[in-house]
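See below for the structure under consideration.
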Amino acid sequence: MRKNATDNPSCGLPIGLPKFKRRFGYGYRARRRGTGRLGHGSDRIYRTIVENTGTAFLLMEQDTTIAMANEEFEKLSGYRRSQVEGRMSWTRLIAEVDVERMLRYHYLRREFPHLAPRNYECRVRIKDGRLRTCFFTVAMIPGSDKSIASITDVTEHRELEQRIRSIRENERRRIGQDLHDDLGAHLVGVEAMAELLQRRLSKEGHPQAKFSAEISALVNQATAKTRALGRGLCPVDLDDLGLSNALENLKKNTERAFGVVFTLDLSGEIGIRKHAVATQLYRIVQEAVNNALVHGKAKAIAIGMSTESGVLTLTIADDGIGIAEDAEQGDGLGLRTMRHRANRIGAEMTVTRREPKGTIVRCTINPEFLS
């Protein structure tokens, strides 16, 4: 309602329900306060709702002050509500490496809502100093500058996923090595014997010499396919080649297949001692290169690695036709796959337009996830 008691559609409430508005405390004074309380009736209703959501809940002001929290938040964070409501900025609860990103979302949500994601993960530092991985669902309250956040602790879930991924990656690696070292070596021996038989039959002028040559060629193809399968299952072998050499091989194969200009600057690479991390970074590069070639029609691709304060940044840039401004929030399978891979290793991935044309994919990963 406006001050003169006429309906105000901008409040986001149905027209013609003044009793509803009065009951829920919407009025001129509440809207005039802006960042203040919406009314005692609303406070009671909010409190009842948030105490029964089943997840940790925060009501946040535009200046990042926590206006309201619930009992589940107390259990998650270790802080009492009296310690945070009206006293603490939510930024104090966020891990240092995630604060800048979360603040960006916070202000984007108020100025350009369509650019701010609704769901995302970040790390929360609880009262005893430990970090917890949490899943946030955030939205604005219509007609106000407050936002609400539902917070779910997914730390144990992510740790279980990590153990499963580690087991799966180790198994893939073992199968890949077995294909290369065992079956591959066996096929090489068969191929050598087939070639020897073919030469002997040819020397003797035997009519089956041509047939034995075909057998030798088929065994040769089987050997090549076995090696390719092994490399696909285990593209990055940290004990042998490492991520740098795996990317060098990707560069050579891409140049040979597509004739593009492919530059590689890995001078800033730091030691990665997790096979899962190295493999996921390689897959992100592979997907980004494929998108640049197939969708972006790129003629040049540049991959670089840089390190600052232990933070590894992997960049894939191309000169293709570029992407839409909001592509980072897009639903394309390739982008979803890359974001999923980045999340699996605790990395942050961004996709932006490159000037004057092209796309830049940037993946940043903190040292705690590298070793």
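Specify which of the listed residues (Gly346, Gly332) is under 15 Å from the mean Cα position of the chain (by Cα), closer than 26 Å to Glu161 by Cβ, surrounded by 16 or more Cβ atoms within 10 Å (Cβ to Cβ) and modelled with pLDDT under 90. If you could, list the steps in order and put the result at the bottom.
Values: Gly332 fails: surrounded by 16 or more Cβ atoms within 10 Å (Cβ to Cβ).
Among Gly346, Gly332, only Gly346 is under 15 Å from the mean Cα position of the chain (by Cα), closer than 26 Å to Glu161 by Cβ, surrounded by 16 or more Cβ atoms within 10 Å (Cβ to Cβ) and modelled with pLDDT under 90.
Yes/no per residue for (1) among the aliphatic types (A, V, I, L, M); (2) within 30 Å of the chain's Cα centre (by Cα); (3) surrounded by fewer than 20 Cβ atoms within 10 Å (Cβ to Cβ):
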residue	(1), (2), (3)
Ala56	yes, yes, no
Asn70	no, yes, no
Trp90	no, yes, no
Leu103	yes, yes, yes
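When the residues of region 279-326 are filtered to those that are open to solvent by less than 30 Å² (accessible area, probe 1.4 Å) and over 21 Å from Asn343 (Cα atoms), the one that is modelled with the lowest pLDDT is Gly322. Residue count for region 72-88 under the criterion of being over 24 Å from Ile141 (Cα atoms) and open to solvent by less than 50 Å² (accessible area, probe 1.4 Å): the result is 2.
Suppose the filter is at pLDDT 85 or above and assigned to a strand (DSSP E or B); does Thr263 pass it?
Here the answer is yes, as Thr263 does meet what is asked.
Would you confirm, using the coordinates I've provided, whether Asp153 is of a type in the set (D, E, K, R) and over 27 Å from the mean Cα position of the chain (by Cα)?
Working: of a type in the set (D, E, K, R): yes; over 27 Å from the mean Cα position of the chain (by Cα): no.
Against the criterion (of a type in the set (D, E, K, R) and over 27 Å from the mean Cα position of the chain (by Cα)), Asp153 does not qualify.
Residue check: is Asp128 within 30 Å of Arg344 (Cβ to Cβ) and in a helix (DSSP H, G or I)? No: the conditions fail for Asp128. Look at Ala116 and say whether it is closer than 21 Å to Ser309 by Cα, among the aliphatic types (A, V, I, L, M) and open to solvent by less than 30 Å² (accessible area, probe 1.4 Å). Judged against the criteria, Ala116 is not a match. Criterion applied to Glu191, Glu195, Glu169 was being open to solvent by less than 80 Å² (accessible area, probe 1.4 Å), free of Cβ contacts under 8 Å to residues at least 24 places away in the same chain, in a helix (DSSP H, G or I) and acidic (Asp, Glu), and the one residue passing it is Glu195. In the set (1) closer than 28 Å to Arg341 by Cβ; (2) open to solvent by 50 Å² or more (accessible area, probe 1.4 Å), Gly176 fails one condition alone, (2).
Conditions (1) hydrophobic (A, V, I, L, M, F, W, C); (2) outside any strand (DSSP E or B), marked per residue:
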| residue | (1), (2) |
| --- | --- |
| Arg47 | no, yes |
| Val50 | yes, yes |
| Phe57 | yes, no |
| Ala67 | yes, no |
| Glu72 | no, yes |
| Lys75 | no, yes |
| Thr91 | no, yes |
| Glu100 | no, yes |
| Arg104 | no, yes |
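The values are calculated or read from the model by the stated rules, or taken from the named source; none is laboratory data. Keep in mind that this is a model prediction, so the values were computed, not measured. FYI the Cβ positions are ideal-geometry reconstructions off the backbone, even for glycines, and counts take in every protein chain you see. Side chains are part of the model used for accessible areas, which takes the heavy atoms of the whole protein and leaves out ligands, DNA and RNA. Shrake-Rupley method; radii C 1.70, N 1.55, O 1.52, S 1.80 Å.
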